[in-house]
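Some notes on the structure that comes next.
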Amino acid sequence: MNEKAYKPQMPDIMEAIFDAGYLIFDLVAAILFFTHADGNNLFILYGALTLTLCGGDAFHLVPRIFRAFRGSSEKIKRQMGRGLQISSITMTAFYIILMYVWQATFPEMSIPAAINAMVWISAVIRIVVCLLPQNNWLTDEGNLKLSLIRNIVFAVTGLGVIILYAMSGNMCDYHMTRMVAAIIISFGCYFPVTVLSKTKPKVGLLMIPKTCAYMWIIAMGLQLLYL
């Protein structure tokens, strides 16, 4: 597409503003966690969690922001495809870190061996699947079969973390059962997009509540930081 002839459309501009706001929120939150952690392992982990989220998502959101203002091109498509691969891996790491955030939040409890194995094994399998060239990350067609495999395995990772936060409930009056709701919302919005977005682009709008769910997870950590 000729960038000089391209005129940004309002929906694209709004999406770009939302994406930029999300990345800035994550970056600022990460800085707050690290600068106010004062050696507290919980908030160091929250900082790592937030930085992983921000850094990974930036690889595919920044090209989307450029696309909104400059139009699409083969280069941007490749950047977005590679960015999706990277963010798929970092999102898996996000849930591993979130498991240890739970442990640091509730030190009187221990991660059951079965849950620990469930999260780690499923996460490693997903990362390996994400690295396979057959995913066709840099092309428009992708690979539906591998997409289903890597996301079913991802659901197992998320389920393990959900179980942990359901176990702890509202201990210490932290009300971390909200974490269960946030994770369920994120997965509930994410899966339809991975399966249907190529044939039904409007399904991609579900990424907005999915992103808000992740911001909610970070906001819960900020709330603990300033208790």
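Quick note on the stretch 81-120: its Rg to Rh ratio, both from C-alpha atoms and Rh being the Kirkwood radius, is 1.13.
A dipole drawn for the stretch 1-143 from +1 and -1 charges on Cβ atoms has a positive end, and of A20, L53, P112 the residue lying farthest that way is A20. Note that the stretch 91-216 presents 48 Å² accessible area per residue, ligands and nucleic acids not counted, probe 1.4 Å.
One decimal place: the segment K202-R82 gains 41.0 nm when fully extended, by the rule 0.36 nm per residue minus the C-alpha distance. Computed packing ranks the peptides 50-60, 17-27, 35-45 as 50-60, 17-27, 35-45, most packed first, by mean other Cβ atoms within 10 Å. Reported to the nearest whole Å, the Cα centre-to-centre distance from the stretch 65-119 to the stretch 187-227 is 12. Set the Förster radius R0 to 30 Å, insert the Cβ-Cβ distance between A114 and N41 as r into 1/(1 + (r/R0)^6), and round the FRET efficiency to 0.05. In this case the efficiency is close to 0.80. Per-atom-type breakdown for the stretch 1-72 gives carbon and sulfur 67% of the accessible area (1.4 Å probe, protein chains only). How much of the accessible area of the stretch 94-144, in percent, comes from carbon and sulfur atoms when a 1.4 Å probe is used? Exposed carbon and sulfur together represent 71 percent of the surface. For the stretch 59-108, the residue among P63, Q85, V101 whose Cα projects farthest onto the positive side of the dipole built from Cβ charges is P63.
A simple charge model with +1 on the Cβ of Lys and Arg, -1 on the Cβ of Asp and Glu and nothing else charged puts the dipole of the stretch 110-227 at about 280 debye relative to its Cα centre.
The values are calculated or read from the model by the stated rules, or taken from the named source; none is laboratory data. Quick caveat: nothing in here was measured; it's all calculated off a predicted structure. Every residue, glycine among them, receives a Cβ derived from its backbone with ideal geometry; neighbour counts consider all protein chains shown. Only protein heavy atoms, including side chains, enter the accessible area calculation; ligands, DNA and RNA are left aside. Shrake-Rupley method; radii C 1.70, N 1.55, O 1.52, S 1.80 Å.
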